[in-house]
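Structure, as C-alpha coordinates:
The values are calculated or read from the model by the stated rules, or taken from the named source; none is laboratory data. Predicted model, so just to flag it, every value in this text is computed and none were measured. Positions of Cβ are backbone-derived with ideal geometry, glycine not excepted, and every protein chain shown enters the neighbour counts. Keep in mind that these areas ignore ligands, DNA and RNA; they rest on the heavy atoms of the full protein, side chains included. Shrake-Rupley method; radii C 1.70, N 1.55, O 1.52, S 1.80 Å.
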Amino acid sequence: MRRFLQWVMAAALICGTSVFMSSCSKDDDNPVNRYRLVQRKDVYADTDKYHINHYSYDDQGRLASFVRYGYNTEWGDIIEANYTYTYGDHYIKEYGKEGYDYYTLNDDGLIVKHESIRVTDGVESATAVIYYQYDNGRITSYSENEPSVKYLFHWKDGDLMSYGIEERDDAVDVTEYTWSALTVDHGYREPPLTVMREPLYMMGYYGKASKHLESHKKKTGNNAYMSLLYDYDYTYTIDKGHIVEMVDNYKVTTEMGAYKSETINSKTYTFTYEEY
(Lines give C-alpha, C1' and ligand atoms only; values in the text may rest on other atoms or scores of the structure.)
Protein backbone atom coordinates (compact mmCIF):
# COMPACT_ATOMS: atom_id res chain seq x y z
CA MET A 1 0.00 0.00 0.00
CA ARG A 2 2.69 2.52 0.95
CA ARG A 3 4.57 1.95 -2.30
CA PHE A 4 1.46 2.88 -4.25
CA LEU A 5 0.88 5.94 -2.08
CA GLN A 6 4.36 7.23 -2.85
CA TRP A 7 4.01 7.27 -6.67
CA VAL A 8 0.94 9.45 -6.57
CA MET A 9 2.66 12.05 -4.40
CA ALA A 10 2.88 14.77 -7.08
CA ALA A 11 -0.79 14.97 -7.95
CA ALA A 12 -2.66 16.55 -10.82
CA LEU A 13 -3.40 20.13 -9.81
CA ILE A 14 -7.09 20.86 -9.70
CA CYS A 15 -9.95 22.56 -7.89
CA GLY A 16 -11.43 20.63 -4.99
CA THR A 17 -14.30 18.81 -6.69
CA SER A 18 -13.27 19.26 -10.32
CA VAL A 19 -10.27 18.79 -12.56
CA PHE A 20 -9.54 22.33 -13.66
CA MET A 21 -8.27 25.57 -12.17
CA SER A 22 -10.65 28.35 -13.31
CA SER A 23 -13.98 29.91 -12.36
CA CYS A 24 -13.99 28.92 -8.70
CA SER A 25 -16.86 30.37 -6.68
CA LYS A 26 -16.36 33.13 -4.12
CA ASP A 27 -16.37 30.77 -1.14
CA ASP A 28 -13.53 28.76 -2.75
CA ASP A 29 -15.29 25.51 -1.88
CA ASN A 30 -17.65 24.94 -4.82
CA PRO A 31 -15.82 25.34 -8.15
CA VAL A 32 -17.72 25.53 -11.42
CA ASN A 33 -16.89 22.69 -13.81
CA ARG A 34 -15.78 23.82 -17.28
CA TYR A 35 -12.59 21.90 -17.95
CA ARG A 36 -11.31 18.51 -16.94
CA LEU A 37 -7.88 16.94 -16.98
CA VAL A 38 -7.30 14.37 -19.73
CA GLN A 39 -3.51 13.88 -19.52
CA ARG A 40 -0.61 14.43 -17.16
CA LYS A 41 2.99 13.82 -18.25
CA ASP A 42 5.87 13.55 -15.77
CA VAL A 43 9.40 13.93 -17.15
CA TYR A 44 12.52 13.27 -15.07
CA ALA A 45 15.38 15.69 -15.73
CA ASP A 46 18.60 14.38 -17.28
CA THR A 47 17.07 10.96 -18.01
CA ASP A 48 14.83 9.42 -20.66
CA LYS A 49 12.29 8.30 -18.03
CA TYR A 50 8.74 9.59 -18.06
CA HIS A 51 5.21 8.71 -16.99
CA ILE A 52 1.96 9.58 -18.75
CA ASN A 53 -1.46 9.42 -17.11
CA HIS A 54 -4.61 9.35 -19.27
CA TYR A 55 -8.09 10.07 -17.89
CA SER A 56 -11.47 9.50 -19.57
CA TYR A 57 -14.98 10.28 -18.36
CA ASP A 58 -18.51 8.92 -18.73
CA ASP A 59 -21.54 10.84 -20.02
CA GLN A 60 -22.20 12.13 -16.49
CA GLY A 61 -18.71 13.60 -16.19
CA ARG A 62 -17.48 10.94 -13.77
CA LEU A 63 -14.11 9.28 -14.10
CA ALA A 64 -14.48 6.22 -16.37
CA SER A 65 -10.87 5.06 -16.77
CA PHE A 66 -7.33 5.88 -15.68
CA VAL A 67 -4.26 4.49 -17.45
CA ARG A 68 -0.68 5.15 -16.38
CA TYR A 69 2.18 4.49 -18.82
CA GLY A 70 5.85 4.44 -17.93
CA TYR A 71 8.95 4.54 -20.10
CA ASN A 72 12.60 3.72 -19.51
CA THR A 73 15.47 2.57 -21.70
CA GLU A 74 15.41 -1.04 -20.52
CA TRP A 75 11.70 -1.77 -20.84
CA GLY A 76 10.38 0.88 -23.22
CA ASP A 77 6.69 1.78 -22.85
CA ILE A 78 4.82 -0.29 -20.29
CA ILE A 79 1.38 0.03 -18.70
CA GLU A 80 1.91 0.44 -14.96
CA ALA A 81 -1.75 0.89 -13.99
CA ASN A 82 -5.04 0.44 -15.82
CA TYR A 83 -8.30 1.04 -13.96
CA THR A 84 -11.97 1.37 -14.94
CA TYR A 85 -14.73 2.70 -12.71
CA THR A 86 -18.41 1.99 -12.10
CA TYR A 87 -20.74 3.83 -9.74
CA GLY A 88 -23.68 2.86 -7.56
CA ASP A 89 -25.66 4.08 -4.57
CA HIS A 90 -23.02 5.15 -2.03
CA TYR A 91 -20.19 3.20 -3.64
CA ILE A 92 -17.55 3.22 -6.40
CA LYS A 93 -15.88 0.14 -7.85
CA GLU A 94 -12.40 0.46 -9.33
CA TYR A 95 -11.44 -2.55 -11.48
CA GLY A 96 -7.79 -3.45 -12.01
CA LYS A 97 -5.77 -6.38 -13.25
CA GLU A 98 -5.94 -8.58 -10.15
CA GLY A 99 -9.32 -7.65 -8.71
CA TYR A 100 -11.12 -4.51 -7.70
CA ASP A 101 -11.30 -1.81 -5.04
CA TYR A 102 -14.60 -0.98 -3.35
CA TYR A 103 -15.10 2.57 -2.03
CA THR A 104 -17.99 3.27 0.37
CA LEU A 105 -19.38 6.82 0.23
CA ASN A 106 -21.19 8.76 2.93
CA ASP A 107 -24.21 11.00 2.32
CA ASP A 108 -21.87 13.86 1.32
CA GLY A 109 -20.27 11.72 -1.40
CA LEU A 110 -16.96 11.33 0.45
CA ILE A 111 -15.05 8.07 0.69
CA VAL A 112 -15.23 6.71 4.23
CA LYS A 113 -14.06 3.14 3.60
CA HIS A 114 -11.74 1.60 0.99
CA GLU A 115 -11.46 -2.17 0.56
CA SER A 116 -8.98 -3.83 -1.80
CA ILE A 117 -10.31 -7.14 -3.12
CA ARG A 118 -8.09 -9.67 -4.88
CA VAL A 119 -9.79 -12.21 -7.14
CA THR A 120 -7.97 -15.53 -7.66
CA ASP A 121 -9.66 -18.32 -9.62
CA GLY A 122 -13.00 -16.66 -8.97
CA VAL A 123 -12.46 -16.44 -5.19
CA GLU A 124 -12.46 -12.99 -3.58
CA SER A 125 -10.29 -12.05 -0.61
CA ALA A 126 -9.82 -8.67 1.10
CA THR A 127 -6.17 -7.61 1.22
CA ALA A 128 -6.53 -4.15 2.82
CA VAL A 129 -9.16 -1.97 4.46
CA ILE A 130 -8.76 1.78 5.05
CA TYR A 131 -11.09 4.07 7.03
CA TYR A 132 -11.27 7.86 6.49
CA GLN A 133 -12.43 10.69 8.74
CA TYR A 134 -13.39 14.28 7.84
CA ASP A 135 -14.20 17.59 9.48
CA ASN A 136 -16.20 20.21 7.59
CA GLY A 137 -15.57 18.37 4.34
CA ARG A 138 -11.79 18.16 4.77
CA ILE A 139 -9.92 14.95 5.45
CA THR A 140 -8.38 14.80 8.91
CA SER A 141 -7.11 11.22 9.16
CA TYR A 142 -7.20 7.70 7.83
CA SER A 143 -6.02 4.39 9.17
CA GLU A 144 -5.14 1.11 7.50
CA ASN A 145 -6.15 -2.31 8.72
CA GLU A 146 -2.88 -2.30 10.67
CA PRO A 147 -4.13 -0.80 13.97
CA SER A 148 -0.71 0.62 14.75
CA VAL A 149 -0.68 3.12 11.87
CA LYS A 150 -2.66 6.33 11.49
CA TYR A 151 -2.22 9.09 8.91
CA LEU A 152 -3.00 12.64 10.08
CA PHE A 153 -3.73 15.85 8.15
CA HIS A 154 -3.47 19.31 9.74
CA TRP A 155 -5.31 22.29 8.20
CA LYS A 156 -5.14 26.04 8.78
CA ASP A 157 -7.44 28.61 7.16
CA GLY A 158 -8.47 26.15 4.47
CA ASP A 159 -4.94 25.04 3.54
CA LEU A 160 -3.29 21.74 4.34
CA MET A 161 -0.22 22.68 6.40
CA SER A 162 1.20 19.32 7.44
CA TYR A 163 0.76 15.60 7.08
CA GLY A 164 2.12 12.88 9.29
CA ILE A 165 2.19 9.17 10.03
CA GLU A 166 1.54 8.18 13.62
CA GLU A 167 2.71 4.75 14.75
CA ARG A 168 2.42 2.95 18.07
CA ASP A 169 5.58 2.71 20.17
CA ASP A 170 5.48 -1.07 20.03
CA ALA A 171 5.15 -1.17 16.23
CA VAL A 172 7.81 -3.15 14.41
CA ASP A 173 10.47 -1.01 12.69
CA VAL A 174 8.98 2.28 13.91
CA THR A 175 9.11 4.98 11.25
CA GLU A 176 7.78 8.53 11.52
CA TYR A 177 7.18 10.92 8.65
CA THR A 178 6.09 14.56 8.86
CA TRP A 179 5.14 16.84 6.01
CA SER A 180 5.02 20.63 6.13
CA ALA A 181 4.10 23.10 3.42
CA LEU A 182 4.32 26.81 2.66
CA THR A 183 1.73 28.33 0.34
CA VAL A 184 1.69 31.15 -2.18
CA ASP A 185 -1.20 33.56 -1.97
CA HIS A 186 -3.14 33.43 -5.21
CA GLY A 187 -6.45 31.94 -6.15
CA TYR A 188 -5.43 28.51 -7.36
CA ARG A 189 -5.60 25.32 -5.38
CA GLU A 190 -4.22 21.82 -5.41
CA PRO A 191 -5.00 18.58 -3.66
CA PRO A 192 -3.18 17.98 -0.43
CA LEU A 193 -0.38 15.50 -1.00
CA THR A 194 -2.18 12.90 -2.94
CA VAL A 195 -1.58 10.03 -0.65
CA MET A 196 -5.03 8.85 -1.65
CA ARG A 197 -5.86 7.42 -5.08
CA GLU A 198 -5.09 10.25 -7.44
CA PRO A 199 -7.99 10.06 -9.94
CA LEU A 200 -10.67 9.82 -7.25
CA TYR A 201 -9.09 12.69 -5.33
CA MET A 202 -9.34 14.75 -8.51
CA MET A 203 -13.10 14.20 -8.55
CA GLY A 204 -13.49 15.40 -4.96
CA TYR A 205 -14.23 12.06 -3.28
CA TYR A 206 -11.69 12.79 -0.52
CA GLY A 207 -13.07 16.21 0.37
CA LYS A 208 -12.06 19.80 -0.15
CA ALA A 209 -8.65 20.74 -1.49
CA SER A 210 -6.22 23.31 -0.16
CA LYS A 211 -7.10 26.85 -1.16
CA HIS A 212 -3.60 27.73 -2.35
CA LEU A 213 -0.75 26.14 -4.25
CA GLU A 214 2.24 24.87 -2.36
CA SER A 215 5.56 26.50 -3.16
CA HIS A 216 7.77 24.56 -0.76
CA LYS A 217 7.45 21.26 1.06
CA LYS A 218 9.60 19.17 3.35
CA LYS A 219 9.36 15.53 4.30
CA THR A 220 11.43 13.87 7.00
CA GLY A 221 11.81 10.17 7.60
CA ASN A 222 13.61 8.38 10.40
CA ASN A 223 14.11 4.76 11.34
CA ALA A 224 16.66 2.71 13.21
CA TYR A 225 19.20 2.87 10.36
CA MET A 226 19.06 6.29 8.74
CA SER A 227 17.37 9.68 8.53
CA LEU A 228 16.10 11.23 5.31
CA LEU A 229 15.14 14.79 4.47
CA TYR A 230 13.20 15.51 1.25
CA ASP A 231 13.08 19.18 0.28
CA TYR A 232 10.79 20.23 -2.60
CA ASP A 233 10.44 23.59 -4.39
CA TYR A 234 7.60 24.07 -6.89
CA THR A 235 7.15 26.60 -9.69
CA TYR A 236 4.06 26.84 -11.89
CA THR A 237 3.01 28.04 -15.32
CA ILE A 238 -0.60 29.25 -15.44
CA ASP A 239 -2.51 29.72 -18.70
CA LYS A 240 -6.12 30.96 -18.76
CA GLY A 241 -6.66 29.90 -15.18
CA HIS A 242 -5.14 26.44 -15.59
CA ILE A 243 -1.88 25.00 -14.35
CA VAL A 244 -0.29 23.77 -17.56
CA GLU A 245 3.16 23.04 -16.12
CA MET A 246 4.71 22.41 -12.74
CA VAL A 247 8.45 22.06 -12.11
CA ASP A 248 9.48 20.19 -8.98
CA ASN A 249 13.09 20.77 -7.92
CA TYR A 250 13.93 18.53 -5.00
CA LYS A 251 16.87 17.58 -2.81
CA VAL A 252 17.26 14.40 -0.79
CA THR A 253 19.66 14.40 2.18
CA THR A 254 20.62 11.01 3.65
CA GLU A 255 22.40 10.54 6.99
CA MET A 256 23.64 7.21 8.36
CA GLY A 257 25.80 7.82 11.41
CA ALA A 258 28.78 9.88 10.23
CA TYR A 259 27.83 9.36 6.57
CA LYS A 260 25.90 12.15 4.81
CA SER A 261 25.00 12.61 1.16
CA GLU A 262 22.83 14.93 -0.95
CA THR A 263 21.06 14.23 -4.23
CA ILE A 264 19.50 17.01 -6.33
CA ASN A 265 16.99 16.31 -9.09
CA SER A 266 14.06 17.78 -10.97
CA LYS A 267 10.77 16.66 -12.53
CA THR A 268 8.50 18.56 -14.89
CA TYR A 269 4.76 17.90 -15.03
CA THR A 270 2.60 19.07 -17.94
CA PHE A 271 -1.21 19.01 -17.92
CA THR A 272 -3.67 18.79 -20.81
CA TYR A 273 -7.37 19.66 -20.42
CA GLU A 274 -10.56 19.39 -22.42
CA GLU A 275 -13.61 21.65 -22.32
CA TYR A 276 -17.03 20.10 -21.80
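A few points about this structure:
- Considering residues of region 128-165 that are of a type in the set (Asp, Glu) and more than 19 Å from Val112 (Cα to Cα) only, the residue modelled with the lowest pLDDT: Asp159
- Only one of Ser125, Ser141 that is open to solvent by less than 20 Å² (accessible area, probe 1.4 Å), without any contact (Cβ under 8 Å) to a residue 40 or more places away in the chain and part of a strand (DSSP E or B): Ser141
- Some residue of region 146-156 being more than 30 Å from His212 (Cβ to Cβ) and open to solvent by 30 Å² or more (accessible area, probe 1.4 Å): yes
- Which listed residue is surrounded by fewer than 20 Cβ atoms within 10 Å (Cβ to Cβ), within 30 Å of Ile111 (Cα to Cα) and modelled with pLDDT under 70, from Asp169, Asp248: Asp169
- For region 202-240, the tally of residues that are in contact with a Gly (Cβ under 9 Å, 6 or more places away or on another chain) and open to solvent by less than 30 Å² (accessible area, probe 1.4 Å) stands at 4.
- Unique residue being at pLDDT 80 or above, within 20 Å of the chain's Cα centre (by Cα) and in a loop (DSSP other than H, G, I, E, B) when the list is Tyr234, Tyr230, Tyr205: Tyr205
- Whichever residue in region 86-100 is among the charged types (D, E, K, R) and closer than 12 Å to Leu200 by Cα and, among such residues, is surrounded by the most Cβ atoms within 10 Å (Cβ to Cβ): Glu94
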